[in-house]
1. Between the DSSP loop rule and a limit of at most 12 other Cβ atoms within 10 Å, which GluC sites (Glu not before Pro) in region 89-122 are left?
2. State the Cα centre-to-centre distance between region 35-60 and region 82-132 in whole Å.
3. Ordering TYR112, TYR44 from largest to smallest accessible area (1.4 angstrom probe), what's the sequence?
4. Ignoring everything but the protein chains, give the 1.4 Å probe accessible area of HIS57 in square angstrom, nearest 10.
5. If one puts a single equal scatterer on every Cα of region 57-141 and applies the Debye formula without solvent, what log₁₀ I(q)/I(0) results at q = 0.25 Å⁻¹?
6. Between GLY42 and residues 5 or more places away or on another chain, which pairs have amide H atoms under 5 Å apart, with H built 1.01 Å from N, and which residues are they?
7. Name the long-range amide H neighbours of ASP29: under 5 Å, sequence gap of 5 or more, or other chain; modelled H, no Pro or chain starts.
8. Could you list the residues of region 22-61 with an amide nitrogen less than 13 Å from a label point located 7 Å from the Cα of GLU124 in the Cα-to-C-beta direction?
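The values are calculated or read from the model by the stated rules, or taken from the named source; none is laboratory data. Predicted model, so just to flag it, every value in this text is computed and none were measured. Counting neighbours? That spans all protein chains shown, and the Cβs are built from the backbone with ideal geometry, glycine included. Ligands, DNA and RNA are stripped out before the accessible areas are found, and what is left, the full protein with its side chains, is counted by its heavy atoms. Shrake-Rupley method; radii C 1.70, N 1.55, O 1.52, S 1.80 Å.
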Amino acid sequence: SGTEGAGDFSSIAKLLVIADQAFPGCWHDIGRFHRADGTFTGIYANILTPVELPHTHIWRTTDLFLDLWVPSGGKMTVLDEDQLEEALERRWVSERTASRARQEADRLTQAYQEGEWPPAIVEEWTREKALTRAKAPAEPE
């Protein structure tokens, strides 16, 4: 699947800690993946519609099937192109939306090749920071 070293996706909740950072207005989000022992395994990006934040603790988006995987010390791979094709065939997404998903994957791939992606904040969003944030009490709405 191109995600070797990421961990066991069948038991992702048990084996991985994900610091997922959505960027409002962007057609992707970014997650840092770690094994349960804290070992960083890579960066995973979902291509999706821009996140809508209608309330403080609610967000909405639509996954557009394409994903990007950058293993620690490795090269970027675009994943799940077959799933996007199936979604098109089944009319789960429009041609226009599928085209926009591909454009985003291409844009991020180019930026990665030029050393401009992922953004610096992804490196700053460490496992420890994510765990601390997850344990923090919820902010009142």
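1. Loop-located and lightly packed - GLU114, GLU116.
2. 11
3. Ranking TYR112, TYR44 by accessible area, largest first, yields TYR112, TYR44.
4. Solvent-accessible area, nearest 10 Å²: 100 Å².
5. Computed log10 I(q)/I(0) values: -1.18.
6. HN-HN under 5 Å from GLY42: PHE33, SER72.
7. ASN46, LEU48
8. Hits in region 22-61 for GLU124 at 13 Å: none.
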